[in-house]
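Presented below is the structure to which this report refers.
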């Protein structure tokens, strides 16, 4: 696989317009065809009507990749750290997928050219698949598309999938929460520790990475985080977040980050927590899809005649809104 | 009916804990028992499980009252105007209900004692029913409870129901939108005209009342509003909002407000718009109840075993989230 930026229709297929073409596309992705992977993610990202068929074809490969979330404020060094982490994981022999769902990411266009070029380190590596995600044209946005995109990369044989987000909004926190292991990046003197608490990021952090650790104030930042961790309530069987220092721009501390990820992975497996997290994510996904379907059905009823017929009967006093709502739901079920 | 502030259990009933007690309670309310009316509104306000039975018993009386919404910023004179309007409507022989869903209302505790006392003018009048609404303990809040409370007052024989809200938030706009005729109150020099546009209140106003019209700047305010009305796009068969001046504290202009309400009522009937508004409101009510039921069902599944069983199957690769969502919905329908 390579970092093909633009999706290309799978060669030889009729541009995948029918559900029966999906298994072949997934087969190609599994065989390492980067264009098939790109095409699948594009379909997922656009909320294509083929989504159920794609999900069905990918189902057998669920849970095979380690999903690592990486979040933090803009300027904290996320893309540099991601880049170096990819290098370290490749050195360990892993196949790596990167999903950048970060408006400030070099892949989505917000960062400086230097970063963009640096990430090209991996552009010719067939063991790395890099993809930016945007929320265009998709109801529910990134939070809806990202879990399926992770499944595509899993299906394509990635051992590790890095999901890079900006830790500033609820949507990003949700995206980060789909990870087995979540890294929260901070930098000295950015007041990030307090911001992290406010944004609810403390709750989702498994590993804190204090990047730019060659700067003044790094000890104070590490102390702040350790103070927050100490204050956090945690049962005896719970994971205690790790704190790691790095200078990603010089490649320092990256092995420590990788070790912390491995350690957390081991803890997840040992405590049965990995399966619990995977199941919690699956439950959230199922619920979101079910609610989306129900909303769409109610929307179609509004456009149709059922709801207006019932409303007319309520307005003329022939029935009441609760009975009418029950009738509407009975019609939905048909 | 009188302005009983506190709900009292209907005398002689077993405090209405069963659906079969509801028809008797509604019968009492229709006979003019203020305690029965108060009890019904309390049940509605608390989102009681008897709601469907109450709605069913009230259904035959739908659309019998003229519902008049009255909204505007705090300090614009809403309660004084409501008070004077009640007086004028009583003089015309109407039975009047007032629902104050306004945090700054004298009935919900935000205003000065003078207002509170003034509104007591009608406390001993059996042709007036006054009730404050709060959103406590009710999922969906006032927007959910108010339509049913209007139905209670309708069922109790009110010819006119005044719904007083503060025009500052989306919820208040929604409450106001349940009226046949919506009055928007403004005062000179409060910059309300622009605020009204921002808050989307312009779209819901059938009558603009410029209160405190003895103040400086009243002509400019009236001009601003007329300018906005002229700019608003409106088809040939559409209602053109009226502008009325009043000094409610001196009882001036109240007859003009009543006349504008009557004129709008006549227009609604003549154009078939009254039934259209009643049906649109019924449709919104049905849809809200249906969605609430679906959410509750999904919530109960989350607590139950169905969702977690499906999630476990997705996590182990035995099925995909779309198929699982379909199965969940099929279980909901059972």
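Any read-out appearing in this document is the output of simple, stated calculations on the displayed coordinates, not a laboratory observation. In this text the structure is predicted, and so the values were computed from the model without any measurement. Cβ coordinates were reconstructed from backbone atoms using ideal geometry, including for glycine residues, and neighbour counts include every protein chain displayed.
With the cut-off at 1.5 for a/c, could you classify the stretch A:283-333 from its C-alpha gyration tensor as rounded, prolate or oblate?
On the way: a/c = 3.75, a/b = 2.31, b/c = 1.62.
Because a/c hits 1.5 or more and a/b exceeds b/c, the stretch A:283-333 counts as prolate.
Would you calculate the convex hull of the Cα atoms in the stretch B:12-98 and tell me its volume per residue in Å³?
Working: hull volume 11.2 nm³, N = 87.
Convex hull of Cα atoms, per residue: 128 Å³.
Averaged over peptide B:290-298, how many Cβ atoms belonging to another chain are found within 10 Å of each residue's Cβ? Mind dumping the intermediate values first?
Numbers: counts 15, 7, 1, 5, 9, 2, 0, 2, 5.
For peptide B:290-298, the averaged partner shielding equals 5.
With each label point set 7 Å from Cα along the Cα-Cβ vector, what nm distance links residue B:30 and residue B:318?
Label-label distance for residue B:30 and residue B:318, simple model: 5.5 nm.
Once you sort the root eigenvalues of the Cα gyration tensor of the stretch B:215-266 as a ≥ b ≥ c, which label holds: rounded (a/c under 1.5), prolate (a/b larger than b/c) or oblate (the other case)? Write out the running numbers ahead of the final one.
Values: a/c = 5.48, a/b = 1.26, b/c = 4.35.
Cα axes put the stretch B:215-266 in the oblate bin.
Roughly how crowded by other chains is peptide A:49-61, in terms of the mean Cβ count from those chains within 10 Å of each of its Cβ atoms?
The per-residue average across the peptide is 4.
Fewest to most neighbouring Cβ within 10 Å: what's the order for B:82, A:182? Intermediate results must be reported in sequence, preceding the final value.
On the way: B:82 29, A:182 25.
Least to most surrounded, the residues fall as A:182, B:82.
What does the average come to when, for each residue of peptide A:305-317, you count the partner chain Cβ atoms lying within 10 Å of its Cβ? Intermediate results must be reported in sequence, preceding the final value.
Values: counts 0, 1, 7, 5, 2, 6, 10, 5, 5, 11, 12, 8, 8.
Per-residue shielding by partner chains comes out at 6.
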